[in-house]
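The values are calculated or read from the model by the stated rules, or taken from the named source; none is laboratory data. This one's a predicted model, so the numbers in the text were calculated from it and none came from an experiment. Cβ coordinates were reconstructed from backbone atoms using ideal geometry, including for glycine residues, and neighbour counts include every protein chain displayed. Areas reflect the complete protein model, heavy atoms only, side chains present, ligands, DNA and RNA absent. Shrake-Rupley method; radii C 1.70, N 1.55, O 1.52, S 1.80 Å.
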Amino acid sequence: MAITETKLNIPNTRNEEANIEDINYSQRAQWLRAAVLGANDGLVSTASLMIGIGAVKDDARAMVLSGFAALVAGACSMAIGEFVSVYSQLDIEVAQLKREQRINEKEGGKVLDATTQEGLPNPAQAAIASALAFSMGAAIPLLAAGFIRGYKVRLMVVSIAASLALAVFGWIGAVLGRAPLVKSVLRVLLGGWVAMAVTFGIMKLFRSSGL
């Protein structure tokens, strides 16, 4: 008489929970990395603009106002760009989910539940986060220059504050991206220094030529 063996397939809930936790951690890391990049953009663009204005005009008010204008304009630009980009991604993912749902219904499979739709990107949330990140980075050189009247001291303080913040952003980016720490910090620092130096040099030429 033949003896049949019956094997029970027990789902490994621990592995599934671990996978979910990995996905959640990956999503959080991506959000944090995007926030760091947004803050870095706000810092570099605002500090470069303020240093450029300082190269042309020895007026603290003009320098601070230009930095504030850069903060507002940059935050709005980042928010609008992020909203449009994420909304386009949302349209693509929703269309894909609808196609998968139609295929599942034809094949008699399960209908996609609300849990699947919860993972869709949120354009408004992304826009607000991007604007806030940019504003936080842009506020650093503004605060550094806001209470200093000396021309040379003001430029030096803005440069030092921006450099320290760039080093911090590079360190955070390296930790989140699991990249080499020193290389990441130096890369961010050099990029910021080049942007500030180029802006200062070009604007200094306008001042020297009397334009």
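Taken together, the residues in region 92-118 that are open to solvent by 70 Å² or more (accessible area, probe 1.4 Å), of a type in the set (Val, Ile, Thr), modelled with pLDDT under 65 and in a helix (DSSP H, G or I) amount to 1. Are any residues in region 171-207 within 19 Å of the chain's Cα centre (by Cα) and either touching a residue at least 60 places away in the same chain (Cβ under 8 Å) or outside any helix (DSSP H, G or I) (or both), and if so, which ones? Those that are within 19 Å of the chain's Cα centre (by Cα) and either touching a residue at least 60 places away in the same chain (Cβ under 8 Å) or outside any helix (DSSP H, G or I) (or both): Ile172, Gly173, Leu176, Gly177, Arg178, Ala179, Val188, Gly191, Gly192, Ala195. Of all residues in region 145-163, which are in a helix (DSSP H, G or I), open to solvent by 20 Å² or more (accessible area, probe 1.4 Å) and farther than 13 Å from Val44 by Cβ? Hits for region 145-163 are Tyr151, Lys152, Val153, Leu155, Met156, Val157, Ile160.
Among the residues that make up region 131-141, is at least one of them modelled with pLDDT under 90, open to solvent by less than 40 Å² (accessible area, probe 1.4 Å) and closer than 20 Å to Gly74 by Cβ? Taking every residue of region 131-141 in turn, none turns out to be modelled with pLDDT under 90, open to solvent by less than 40 Å² (accessible area, probe 1.4 Å) and closer than 20 Å to Gly74 by Cβ. Of everything listed in (1) open to solvent by 50 Å² or more (accessible area, probe 1.4 Å); (2) modelled with pLDDT of 85 or more, the single unmet condition for Ser184 is (1).
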